[in-house]
Every structure is written in structure tokens, then in C-alpha cells.
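Participant: I'd like to ask you about the structure that follows.
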Amino acid sequence: MQLSSFLQRFNEPETLKMAKLGRELRAQGIDVIDLSLGEPDFDTPQHIKDAAIKAINDNWSHYTPVPGFLDLREAICEKLKRDNNLDYKPENIVASTGAKQSLANTILALVDDNDEVIIPTPYWVTYSELVKIARGKVVEIKSEAKAKFKITPAQLEAAITPKTKVFLFSSPCNPSGTVYTKDELEGLANVFRKYPDIYIISDEIYEYINFIGAHESIAQFDDIKDRVIIINGLSKGFAMTGWRLGYIAASAEVAKATEKIQGQFTSGTCAITQKAAVTALTGDLKPTVEMTEEFTRRKKRVLELVAEIPGIECPEPDGAFYIFPDVSSYYGKSDGTTTITNSADFCMYLLNTAHVSSVMGEAFGEPACVRFSFANSLPKIEEAWKRIKEALSKLK
Ligand code: PMP
């Protein structure tokens with residue numbers, strides 16, 4: 001018996017692997033604090049839950065149209081107008097089982113064998129693996145912590161070749177928390193204006209978790225909008241990770257292509273989730289704003305806690321709920337038993353000695369760094385960083 005060669009082409013998500021290791025230790029009775037996972041620790045707002053309960057009672061229990069119910073796609077268009085001043089029609093929208101599926105559909109719809117996909121580092125683990133699944137080639141642009149992990153138009157242009165098919169990025173960024181301003185996006189758009197065959201995948205799933213003001217989408221520049229595929233969803237902004245709803249907004253041609261792929265893989269996403277999503281997208285954003293206020297408080301506190309630890313360089317995130325510090329000053333150090341040689345060792349050391357889970361920077365294309373989530377309660381964050389400080393003080 002032999003499994004397919006396809007399986008050799010890509011890796012398991014490092015974020016999920018760390019969460020699994022944490023759960024295994026917890027099953028042994030060890031109190032592990034999880035700073036590895038990328039999900040809000042809040043409950044879904046009540047009005048959205050009520051809409052789902054109503055949908056069940058109203059018997060929304062059948063298969064759904066592949067791109068999503070019309071009222072959901074209209075609600076997504078309404079949201080894109082209200083929050084982003086962008087004009088889309090339902091034919092431009094495809095709803096999926098999470099933004100992860102939206103990304104997978106889009107990459108499979110655009111990328112051919114050996115096509116180059118430019119991705120600035122650090123990037124979300126899944127991007128590079130999906131490109132490998134599509135048999136494309138990842139071209140990284142290295143960004144630097146001192147530039148707040150932002151790339152410049154010159155760096156972008158230097159990475160473009162005749163084989164470039166897609167530019168893929170997130171703002172706010174997972175894992176760095178980088179948020180591009182309108183001017184910075186315009187700088188990148190000026191480059192894309194010169195290269196009309198490049199698609200731009202703009203992952204905006206952390207849109208609402210922004211500490212510096214209004215969210216800006218690269219789709220706002222009309223002359224490139226047709227080549228932009230916005231990826232968004234309900235997981236982060238509405239604390240709905242388990243409900244599984246993501247969507248794209250794109251040209252009708254790209255939308256149709258992703259619908260064709262989804263039609264064979266999963267069909268339309270859950271009917272109940274879609275009905276609740278209409279309420280989430282068109283309803284009161286107060287719970288979302290309150291969650292972001294809480295993330296703002298936690299970000300401030302976590303930066304204070306990290307500042308007390310020698311040898312950790314931590315840029316302030318402008319969005320999302322992670323810090324992504326450079327921990328490489330610990331590489332080469334040992335507690336007498338374990339020697340830390342890279343970010344994977346660093347994370348395993350913290351898991352085994354401090355019982356805190358985190359995610360190694362290698363998985364995000366930045367081997368000097370480690371990602372720590374602050375989507376956990378303030379008492380847990382305080383306790384986790386106390387333990388991390390103590391564990392790191394043993395490394396000489
Ligand atoms: N994009 C980014 C940058 C993410 O961090 C995540 C979730 N960790 C996703 C997309 C996928 O979100 P969803 O739950 O909607 O699949």
C-alpha cells in the first residue's frame with residue numbers, strides 16, 4: 001500500500017501541530033498555557049447565535065448554492081461598501097468553508113506549474129504550502145523587523161520576473177501584526193500598474209483587529225481592482241472560527257473559477273452559518289469593537305512583560321493578536337541539558353520547561369522569530385510570560 005506523492009509536496013500546519021502537542025501535555029495533567037493558536041478567546045456575539053438558532057428552527061438544513069446564498073453575498077457587498085467603500089456585486093463574491101478554503105480555491109484557480117508567487121516574509125504558514133500544492137514556486141521578499149516587517153515598492157519590483165503570477169500578502173499581517181497604510185499600499189499599487197498580468201491576493205481577515213485606525217484595502221485603487229482578490233471571513237472579527245465562513249471578492253471571472261473548484265471539493269458552506277453570517281455582517285459591530293479594545297489592552301501589557309526579558313527584540317504590532325519577537329540571541333544557549341539552536345528548539349524548550357506553547361518562526365519564513373498569541377485572558381498572559389521569563393533565565 002502506498003499513499004500519494006501529493007502528500008510529500010506540503011507540510012502539516014505548524015500552528016495546529018503545536019496546539020496538538022500542547023493538548024497532549026494537557027491530557028497528561030500538565031497546565032499548558034496556549035499562546036500558539038490564532039483564534040479569539042471570546043464567545044460569538046449573542047445576536048449572531050440567535051440568528052443561527054432561528055435558521056435551524058426555520059429548517060435551513062439543505063444543500064446551499066456553491067458560492068453561497070444570494071442574501072449572504074448581498075450582505076458581503078453591503079459590508080464591503082459600508083466598511084471599505086468598495087463596490088462589488090453578488091457575482092463577485094464566493095463564500096467558502098473558512099478563509100482558508102477561499103485562499104485554497106483562489107491559489108488553485110490562478111497558479112500553474114512553476115508560476116511564481118511572491119510572498120513577503122513573515123507570512124501565514126498556509127500560504128507557502130498552498131502554493132506548493134498548486135505546484136507553483138514561492139518567491140519570498142525578506143522584510144525586516146526594523147522596517148516593521150513592511151516591504152517597499154523597490155523590493156516588490158526587484159522580485160518580479162516574467163514568471164510572476166501572484167503577489168500574496170496579509171494586512172493586518174499574521175504573524176507580524178504589520179498594517180499597511182493607504183500611502184504604502186498606493187506605492188505597491190504603482191508597481192502593479194506597470195505589470196498588468198499579476199494578480200494580487202489581499203488577505204484581510206484581521207481587518208477589524210487594527211490598533212492604528214481605519215483598515216485600508218489595496219482593492220481601493222480602481223485601475224488594479226480587477227486583479228485584486230480580497231480574502232476575508234468571520235473567524236477573527238466576530239469570534240466565529242468554528243463556524244467556518246470565509247469569502248472572496250474578485251472579478252466575476254476569478255469568482256466563477258473558484259466556484260468551479262469549490263463545486264467539486266465541498267459545495268456551498270453550511271446553511272446555518274450563512275444565515276447567521278448575514279446578521280453578523282449587517283448587524284451591530286459593537287461586540288467586534290469591544291473585542292479589539294480588549295486586544296489593545298492585552299497588546300500593551302504583553303509588550304511591557306516582554307520588555308522585562310533580556311535578549312528579546314519585539315516590534316509593536318499594529319493589528320491582529322500576535323507578537324513576533326526576534327529571539328535569536330538565545331540560539332546557541334543551553335540550560336545544561338537542552339541547547340537551543342533554532343526557533344523550533346526555542347518553542348519546544350518553552351513547551352517542556354515553561355509549559356507555554358508558541359509557534360516557531362521558520363513556519364512563517366522568519367527563523368529568527370517566534371509567534372506568541374495574545375488571544376488569551378490577561379491572567380493567563382501574565383502567568384505565561386512569568387514562566388517564559390523564568391525558563392529563559394536558565395539559558396546560558
Ligand atoms: N488568513 C490568515 C492570515 C489567518 O491567520 C487565518 C486563520 N488563522 C486564515 C486566513 C483562515 O481563517 P479561517 O478560519 O476563515 O479559515
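Throughout, read-outs are computed from the coordinates displayed, never taken from laboratory work. All values reported here derive from a predicted model rather than from experimental measurement. Virtual Cβ from ideal backbone geometry, glycine too; neighbours counted across all protein chains shown.
Participant: About the Cα centre of the chain, what is the dipole size in debye to 20, counting +1 per Lys and Arg Cβ and -1 per Asp and Glu Cβ, all else neutral?
Facilitator: Dipole of the chain, to the nearest 20 debye: 580 debye.
Participant: Got the relative contact order for the range 46-282 handy, in percent, Cα pairs under 8 Å and 6 or more residues apart?
Facilitator: Averaging sequence separation for qualifying contacts and normalising by length gives 31 percent for the range 46-282.
Participant: Another question about this same structure. What does the helix-only formula give at 222 nm for the chain: each DSSP H stretch with n ≥ 4 adding -39500 (n - 2.57), the total divided by the residues, and the result rounded to the nearest 500 deg cm²/dmol?
Facilitator: Value at 222 nm, helices only, nearest 500: -12500 deg cm²/dmol.
Participant: Moving to a separate point now. Considering the dipole of the chain built from charges on the beta carbon (Lys and Arg +1, Asp and Glu -1) around the Cα centre, which of Phe295, Ile340, Phe211 is farthest to its positive end?
Facilitator: Ile340
Participant: Right, something else. For the range 306-396, what class follows from the C-alpha gyration tensor (a ≥ b ≥ c being the square roots of its eigenvalues): rounded when a/c is under 1.5, otherwise prolate if a/b is larger than b/c, else oblate?
Facilitator: oblate
Participant: Kindly point out which whole DSSP H helices in the chain project their C-alpha atoms 27 angstrom or further along the helix axis while averaging a Kyte-Doolittle hydropathy of -1.0 or above. Walk me through the numbers before you get to the answer.
Facilitator: Numbers: long enough: 286-307 (32 Å, -0.74).
Helices meeting the criterion: 286-307.
Participant: Let a ≥ b ≥ c be the square roots of the eigenvalues of the Cα gyration tensor of the range 134-284; is it rounded (a/c under 1.5), or, if not, prolate (a/b larger than b/c) or oblate?
Facilitator: Oblate, since a/c reaches 1.5 and b/c is not below a/b.
Participant: Picking from Ser4, Gly242, Val327, whose Cα lies most toward the positive end of the charge dipole for the chain (charges on Cβ: Lys, Arg +1; Asp, Glu -1)?
Facilitator: Ser4
Participant: Beyond 20 Å between alpha-carbons counts as too far, so tell me which of Lys137/Lys182; Lys299/Lys380; Lys236/Lys299; Lys300/Lys389 fall in that bin.
Facilitator: Among Lys137/Lys182; Lys299/Lys380; Lys236/Lys299; Lys300/Lys389, the Cα-Cα distance tops 20 Å for Lys137/Lys182.
Participant: Using +1 on the beta carbon of Lys and Arg, -1 on that of Asp and Glu, and nothing else charged, what's the dipole of the range 74-218 about the Cα centre, debye to 20? Can you show the working numbers first?
Facilitator: On the way: 17 positive and 21 negative charges, 56 e Å.
Here the range 74-218 has a charge dipole of around 260 debye.
Participant: Among the DSSP beta bridges whose two residues both lie in the range 46-282, what percent are antiparallel, rounded to the nearest 5? Show your work: numbers first, answer last.
Facilitator: Working: 8 of 25 bridges.
If we restrict to bridges inside the range 46-282, about 30 percent are antiparallel.
Participant: Here is a follow-up. Using a Förster radius of 35 Å, what is the FRET efficiency between Ser334 and Asp31 based on their Cβ-Cβ separation? Nearest 0.05, please.
Facilitator: Taking R0 as 35 Å, the efficiency between Ser334 and Asp31 is 0.85.
Participant: Within the set of other residues whose C-beta is less than 11 Å from the C-beta of Gly365, count the net charge using Lys and Arg as +1 and Asp and Glu as -1.
Facilitator: So the environment of Gly365 carries a net charge of -2.
Participant: Remind me, relative contact order of the range 170-269 in percent, using alpha carbon pairs under 8 angstrom and six or more residues apart?
Facilitator: That works out to 22 percent.
Participant: Could I ask something else about it? Mind running the shape call on the range 1-135? Use the C-alpha gyration tensor, a ≥ b ≥ c as the square roots of the eigenvalues: rounded below 1.5 for a/c, prolate if a/b tops b/c, oblate otherwise.
Facilitator: On the way: a/c = 1.80, a/b = 1.17, b/c = 1.53.
Oblate shape, in that a/c is at least 1.5 and b/c is the bigger or equal ratio.
Participant: Mind putting a number on the dipole of the range 150-282 about its Cα centre? Charges go on the C-beta only, +1 for Lys and Arg and -1 for Asp and Glu, and I need it in Debye to the nearest 20.
Facilitator: The dipole magnitude comes to about 420 debye.
Participant: Hey, rough spin-label estimate for Ala214 and His47, points 7 angstrom out along Cα→Cβ, what's it come to in nanometres?
Facilitator: Spacing of the two 7 Å Cα→Cβ label points: 2.2 nm.
Participant: How much of the DSSP bridge set in the chain is antiparallel, in percent, rounded to the nearest 5? Kindly include the intermediate steps, with their values, before the conclusion.
Facilitator: On the way: 16 of 35 bridges.
Here the antiparallel bridges make up roughly 45 percent for the chain.
Participant: Given the peptides 361-371, 134-144, arrange them by the average over their residues of other C-beta atoms within 10 Å, most packed first.
Facilitator: Highest-to-lowest ranking by the protection proxy: 361-371, 134-144.
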